[in-house]
Amino acid sequence: MRGRSPKKVLVSPQRKVVAAATALLNTMEGVFDEKTAGKWLREEVGLQWSLLTCMQYLSGKEALSALDTLPDDWAERGHTKADLCASSILAAHAVANVRQSGPMLCASEMAKEMKGKSIEQWLAERAVVR
């Protein structure tokens, strides 16, 4: 058995997005610190997830699609679908703008749309487009 890597546990995109959003929201609410969030994410999702990884994931195509598939009345662990959607927006804004004069921390389309904008500006542009 020596030299074999452990089996990867397959986690659905819905479980990943719930775990990532929960970790981010719990950190923002002071329930987790960054270290605790990373440990919790690794237990929930596996692999080497961290708070940064969860923010990158939340702004990506797979997470946004998984969010869309949740029922509108979904709720779990004290959070609603609207909370998860808000965490995705916040995460995309953070990875796009945390380095004001440097590169983004993520290459997602959502983050690219938010680069150099406030969340309010981005939301206003989306309201006009739709």
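Place the peptides 53-59, 117-123 in order of packing, highest mean first, counting for every residue the other Cβ atoms within 10 Å and averaging per peptide.
Packing order, densest peptide first, comes out as 53-59, 117-123.
Quote the FRET efficiency, to the nearest 0.05, computed for E43 versus K112 with a Förster distance R0 of 41 Å and r equal to the Cβ-Cβ distance.
Using R0 = 41 Å, I get an efficiency of 0.85.
Report the full-extension gain for the segment V98 to E120: residue separation times 0.36 nm, less the Cα-Cα distance, to one decimal in nm.
This chain segment gains 6.3 nm when fully extended.
Can you compute 3J(HN,Hα) from phi for each residue in the range 65-81, using the Karplus curve 6.51 cos²θ - 1.76 cosθ + 1.60 with θ = phi - 60°, rounded to whole Hz and x for Gly and Pro?
5, 5, 4, 4, 7, 5, x, 4, 9, 4, 7, 7, 6, x, 10, 9, 4
Evaluate the distance, in nm, between pseudo-label points positioned 7 Å from the Cα of L52 and of R15 along their respective Cα→Cβ axes.
About 2.6 nm, to one decimal.
Nearest 0.05, what FRET efficiency do E34 and D72 give at R0 = 25 Å with Cβ-Cβ as r?
The pair E34/D72 has a calculated efficiency of 0.20.
Based only on Cα atoms, what Rg/Rh ratio does the chain have, Rh being taken as Kirkwood's radius?
On the Cα set of the chain, Rg over Rh gives 1.00.
Mind listing which trypsin sites (Lys or Arg not before Pro) in the range 1-93 are in a DSSP loop and have 11 or fewer other Cβ atoms within 10 Å? Don't jump to the answer; show the numbers that get you there.
Details: sites: R2, R4, K7, K8, R15, K16, K35, K39, R42, K61, R77, K81; in loops: R2, R4, K7, K8, R77.
Listed in order of number, the matching sites are R2, R4, K7, K8, R77.
No lab work stands behind these numbers, since they all come straight from the coordinates. Model, not experiment: these values are computed from the prediction. Don't worry about glycine lacking a Cβ; one is built from the backbone with ideal geometry, like all the others, and counts go over all protein chains shown.
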